[in-house]
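Encoded as structure tokens, the structure appears first; notes follow it.
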Amino acid sequence: MSDTYVLVHGAWHTGTLMEPTAEHIRHQGHTVHCPTLKGNRPGDDRSQIGLEDAAQSVCDYLREHDLKNVRLVGHSYGGMIISRVADVMPERIARLVYVNAFVPNPGECLNDMVPPHYKELFDAVAAASNNAVMLPFPIWREAFINDADLALAQSAFDQLNMQPYKTFTDPISLKAPLAALEIGKSYVNCQQDAAMPHSMPWHPRLSERLGLFRLVECQGSHEIWFTDPATIADAVIRAGRD
């Protein structure tokens, strides 16, 4: 059976960077869309764009392409986005799939879920960069893409773009906790993901906020999209099936 997937990228990324994974999913007979969020497009004003702007860009994409019965997949920061989209238009979504992604409570921002040293780093970078943030390469290399050699880590890093900091500091608007949402939910946990300290794990610390959910685990880092697109494609399909 052919399903429709919409892959929502994380911070610093674009939809284009999801395409290697999308191609593996398409080879299994599915339809896959990879939009780029507002705030990560060329020419976007990263000093002003916030979380709601980014989420509404996905809502607009679903309407413009008349997408229904969608498996909406969010990676990392993309978890904030898919949570808000599900709040706005649940009728278009068959299942939410969080891939090592943030799962917010109503009124929470992304920075509420990260360790203090990340927030301190981002505050300092944003103050010096017109309210936009970027990861330093050493953190990217060791914590985000720890299963890559240096050449791949560097080439991947070179494809990233500055992130509007308001997308990290704006509180999300949700009518109810995500556990109360009647849409099916899945959580994909890449087991070598060290982007968050293991004392503050993606799973189960954040996944359990979904209430009833399907857990799929696989080998890989936070940036498995670069290092092993075939494996994350398989995990997403297993998470998205009914």
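The values are calculated or read from the model by the stated rules, or taken from the named source; none is laboratory data. Quick caveat: nothing in here was measured; it's all calculated off a predicted structure. Here the Cβ positions follow ideal geometry from the backbone for every residue, glycine too, while neighbour counts run over all protein chains shown.
Here is a yes/no grid of residues against (1) over 23 Å from residue 112 (Cβ atoms); (2) part of a loop (DSSP other than H, G, I, E, B); (3) not β-branched (Val, Ile, Thr):
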| site | (1), (2), (3) |
| --- | --- |
| 135 | no, yes, yes |
| 141 | yes, no, yes |
| 147 | yes, yes, yes |
| 156 | yes, no, yes |
| 160 | yes, yes, yes |
| 168 | no, no, yes |
| 173 | no, yes, yes |
| 176 | no, yes, yes |
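Residue 85 - would you say it is modelled with pLDDT of 95 or more, among the aliphatic types (A, V, I, L, M) and either within 19 Å of residue 195 (Cα to Cα) or surrounded by fewer than 17 Cβ atoms within 10 Å (Cβ to Cβ) (or both)? No, not satisfied. Here the condition is being more than 15 Å from residue 225 (Cα to Cα) and in contact with a Cys (Cβ under 9 Å, 6 or more places away or on another chain); of 89, 1, 18, it holds for 89 alone.
From 101, 195, 176, grab the single residue that is farther than 30 Å from residue 69 by Cα and either of a type in the set (A, V, I, L, M, F, W, C) or surrounded by fewer than 21 Cβ atoms within 10 Å (Cβ to Cβ) (or both).
The match here is 195.
The residue that is farthest from residue 11 (Cα to Cα), counting only those in segment 28-72 that are crowded, with 19+ Cβ neighbours inside 10 Å and of a type in the set (S, T, N, Q), is 57. For residue 112, the stated conditions hold: it is outside any loop (DSSP other than H, G, I, E, B) and farther than 22 Å from residue 21 by Cα. Evaluate the following for residue 10: is it of a type outside the set (D, E, K, R) and buried (at least 19 other Cβ atoms within 10 Å of the Cβ)? When the stated conditions are applied, residue 10 passes them.
Apart from one condition, residue 102 fits all of (1) among the hydrophobic types (A, V, I, L, M, F, W, C); (2) in contact with an Asp or Glu (Cβ under 7 Å, 6 or more places away or on another chain); (3) part of a loop (DSSP other than H, G, I, E, B); the exception is (2). Evaluated against (1) outside any loop (DSSP other than H, G, I, E, B); (2) more than 28 Å from residue 38 (Cβ to Cβ), residue 200 falls short on exactly one condition, (1). Can residue 148 be described as surrounded by 22 or more Cβ atoms within 10 Å (Cβ to Cβ) and either under 25 Å from residue 180 (Cβ atoms) or at pLDDT 95 or above (or both)? No.
If only residues of segment 113-132 that are touching a Pro at 6+ places or on another chain (Cβ under 8 Å) and more than 22 Å from residue 217 (Cβ to Cβ) are counted, the one that is surrounded by the fewest Cβ atoms within 10 Å (Cβ to Cβ) is 115. When only residues in segment 179-192 that are touching a strand residue (DSSP E or B) at 6+ places or on another chain (Cβ under 7 Å) and under 18 Å from residue 235 (Cβ atoms) count, which is surrounded by the fewest Cβ atoms within 10 Å (Cβ to Cβ)? Result: 191. Contact annotation: residue pairs with Cβ atoms under 9 Å, 6 or more positions apart or on different chains, pairing a residue in segment 59-76 that is in contact (Cβ under 8 Å) with a residue 12 or more places away in the chain and in a loop (DSSP other than H, G, I, E, B) with a partner that is surrounded by 15 or more Cβ atoms within 10 Å (Cβ to Cβ) and of a type in the set (D, E, K, R), are 67/92; 68/92; 69/3; 69/92. Evaluating residue 156 against the criteria (1) aliphatic (A, V, I, L, M); (2) out of contact with any Asp or Glu (no Cβ under 9 Å at 6 or more places or on another chain); (3) surrounded by 12 or more Cβ atoms within 10 Å (Cβ to Cβ) leaves one unmet condition, (2).
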